[in-house]
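Data first, discussion second: the structure below is written as structure tokens.
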């Protein structure tokens with residue numbers, strides 16, 4: 001069926017989001033139909049009932065890092081139900097040598113682990129809070145289904161695309177990770193689109209006069225749901241953001257996009273798998289309070305050095321064009337307009 005222009009909104013010359021997409025996600029959140037997943041056969045984790053003290057603390061804005069299993073820490077946080085934004089980049093169960101963490105569970109055990117930490121994150125979220133999860137192909141679908149059965153609404157299923165995947169001949173090279181964006185309330189969530197605008201292809205490539213005719217945000221757009229462009233690639237060894245000894249480090253520009261769009265200055269941001277400390281580092285630079293949980297004492301110490309001493313090293317990355325193609329010039333044989 002050919003796409004038809006939606007005229008039920010006041011923006012001449014463009015297309016609106018298909019109404020069925022948003023309604024389907026709301027309906028999934030309201031649905032009480034049982035969703036059964038393989039990891040359900042494993043027993044749920046029983047968290048410790050003792051309150052852990054943060055290992056590292058800073059002020060203005062408040063920042064805390066706990067050392068331990070997030071499944072123990074989150075249920076005992078004093079801010080239960082008051083966290084504005086959770087960003088999670090969990091272990092992928094790819095047998096990576098994290099310090100002390102068993103990263104080669106059976107599939108059922110890993111799925112149970114995933115549901116347990118997701119549940120802990122959901123429980124600490126405020127009614128207007130959002131949850132973001134960075135996850136590869138082999139677990140993305142299971143996370144989506146679990147969050148839907150917990151009543152959250154999927155806002156976006158984004159993709160973080162990078163150019164330098166590990167070379168292989170047995171299959172297509174992996175060059176993406178899924179960026180799952182869910183909210184407790186689709187209508188009451190914090191959402192700041194003007195904070196993350198970038199130059200649109202219509203402006204940067206096509207010289208389209210229509211985008212400059214808009215009343216606001218001329219030539220700009222909210223980023224698309226496939227993320228790529230300057231400073232959004234993988235953190236390689238020669239990158240100035242690189243923290244040695246950490247695996248799967250996420251670029252600061254990625255976290256800046258998430259934090260600016262889904263939280264406000266003074267809000268509380270939580271990362272249950274702190275790793276190299278990117279989430280709390282960016283949160284501190286953007287005047288957000290933060291809580292990080294890291295299983296490894298060694299990694300936590302390194303992350304805290306970054307959070308409290310090094311800080312965010314790459315700021316002001318929003319707003320630039322992420323266009324793939326070069327700017328179009330005048331047609332051959334014609335004069336460019338002045």
- Note on the structure: Taking Cα atoms, the helix 137-149 axis meets the longest principal axis of the chain at an angle in degrees (rounded to 10) of 80
- Item | Listed peptides 299-306, 184-191 by packing density, highest first (mean Cβ within 10 Å) | 299-306, 184-191
- Please determine, in degrees from 0 to 90 and to the nearest 10, the orientation of helix 107-124 with respect to the longest principal axis defined by the Cα atoms of the chain, where the helix direction is its Cα long axis. 80
- Query: By how many degrees, 0 to 90 and rounded to 10, does the Cα axis of helix 252-262 deviate from the longest principal axis of the chain?
  - Reply: 90
- Message: Tell me the mean residue ellipticity at 222 nm calculated for the chain from its helices only (DSSP H runs of n ≥ 4, each -39500 (n - 2.57), averaged over every residue, nearest 500).
- Response: -7000 deg cm²/dmol
- Item | Semi-axis lengths, Å, the range 149-271, gyration tensor of Cα atoms, sqrt of 5 times eigenvalues | 27, 22, 16
- Message: If R₀ is 22 angstrom, what is the calculated FRET efficiency for the pair residue 23 and residue 145, using the beta carbon separation as r and rounding to 0.05?
- Response: 0.75
- Item | Considering only the chain, percent of DSSP beta bridges that pair antiparallel, nearest 5 | 50
- Between residue 298 and residue 36, the FRET efficiency computed from the C-beta separation at R0 = 30 Å comes out, to the nearest 0.05, as 0.20
- Item | Principal axis dimensions, the range 178-335 - Cα atoms, whole angstrom, descending | 66, 41, 26
- Message: Treating only the Cα positions of the range 54-310 as identical point scatterers, give the base-10 log of I(q)/I(0) from the Debye formula at each q in 0.13, 0.14, 0.16 Å⁻¹.
- Response: -0.85, -0.99, -1.29
- Task: For each of 70, 262, 158, 167, count neighbouring Cβ atoms within 10 Å of the residue's Cβ, then give the residues from fewest to most.
- Result: 167, 158, 70, 262
- Estimated inter-spin distance, residue 190 and residue 324, nm [label 7 Å along Cα→Cβ]: 3.4
- Item | Fraction in percent of alpha-carbon pairs per bin - 5 Å, the range 209-260 | 4, 16, 20, 17, 14, 11, 6, 6, 4, 1
- Message: What's the ranking of 121-134, 101-114 by average number of surrounding C-beta atoms within 10 Å, highest first?
- Response: 121-134, 101-114
- Message: What distance in nm separates the two pseudo spin-label positions at residue 94 and residue 168, each 7 Å out from Cα along the beta-carbon direction?
- Response: 0.9
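Each value in this text was obtained by applying a stated rule to the coordinates, not by laboratory testing. Remember, predicted model here, so these are calculated numbers, not experimental data. Positions of Cβ are generated from backbone atoms using ideal geometry, with glycine treated the same way; all protein chains shown enter the neighbour counts.
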